[in-house]
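Working notes, structure below.
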Amino acid sequence: MFNIDVMSRTPVYEQLVEQVEMMILTGVMKSNDKMPSVRNLSGSLSINPNTIQKAYTELDRKGLITSVPGKGSFISVNAKEIIGNDKREKFDDLRSLLVEMKMAGIGKDEILDLIREVY
């Protein structure tokens, strides 16, 4: 389910958060799906439980999971919407990148072709 790259410069907990976000966006994980327990995930990935807990804490802070004492952690009902809103906040970064691309001589048609390819 999760794939950790120990050679990556991205911290393990961030890799876990990013993978959960991608699974939510792609529909692999849906609202109210139960997350693996910290202990189980730690054992299956051979990662320190504190690292897993740090990822879960970040997911909870973002509102992507909710913890139910005695039951575990679950994907929140509006997780996909939350991720979408986070991505919309990056529009200013995208605008800056597009300006740089324009100044570098990359044409509008080339950029639109890429957008069509993605969508």
To the nearest 10 degrees, the tilt of helix 12-26 (Cα long axis) against the first principal axis of the alpha carbons of the chain is 70 degrees
Counting alpha carbon pairs within less than 8 Å and at least 6 residues apart, what relative contact order, in whole percent, applies to the chain? 22 percent
For the stretch 48-119, the Cα-Cα pair-distance distribution in 10 Å bins from 0, as whole percents, is 16, 30, 21, 20, 11, 2
For the chain, take the longest principal axis of its alpha carbons; what is the angle in degrees between that and the long axis of helix 79-88, to the nearest 10 within 0 to 90? 30 degrees
Taking Cα atoms, the helix 108-118 axis meets the longest principal axis of the chain at an angle in degrees (rounded to 10) of 30 degrees
Alpha-carbon Rg with Dmax, taken over the stretch 12-77, Å: 10.9, 30
Lys pairs, the chain - Cα-Cα below 15 angstrom, 8 or more residues apart or on other chains: 5
Along the Cα-to-C-beta direction of Thr10, a point sits 7 Å from the Cα; which residues of the stretch 26-50 have their amide N less than 18 Å from that point? 26-29, 45, 47
Between Ser46 and Asp92, what length in nm is gained on full extension when 0.36 nm per residue of separation is reduced by their alpha carbon distance? 12.7 nm
From the Cα centre of the stretch 104-119 to that of the stretch 1-60, the distance in Å is 33 Å
Treating only the Cβ of Lys, Arg, Asp and Glu as charged (+1, +1, -1, -1), what charge dipole size does the chain show about its Cα centre? Round to the nearest 20 debye. 460 debye
What ranking do 97-103, 73-79, 40-46 get when scored by the average of other Cβ atoms within 10 Å per residue, highest first? 73-79, 40-46, 97-103
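Any read-out appearing in this document is the output of simple, stated calculations on the displayed coordinates, not a laboratory observation. The structure displayed is predicted, hence computed values, not measured ones. Don't worry about glycine lacking a Cβ; one is built from the backbone with ideal geometry, like all the others, and counts go over all protein chains shown.
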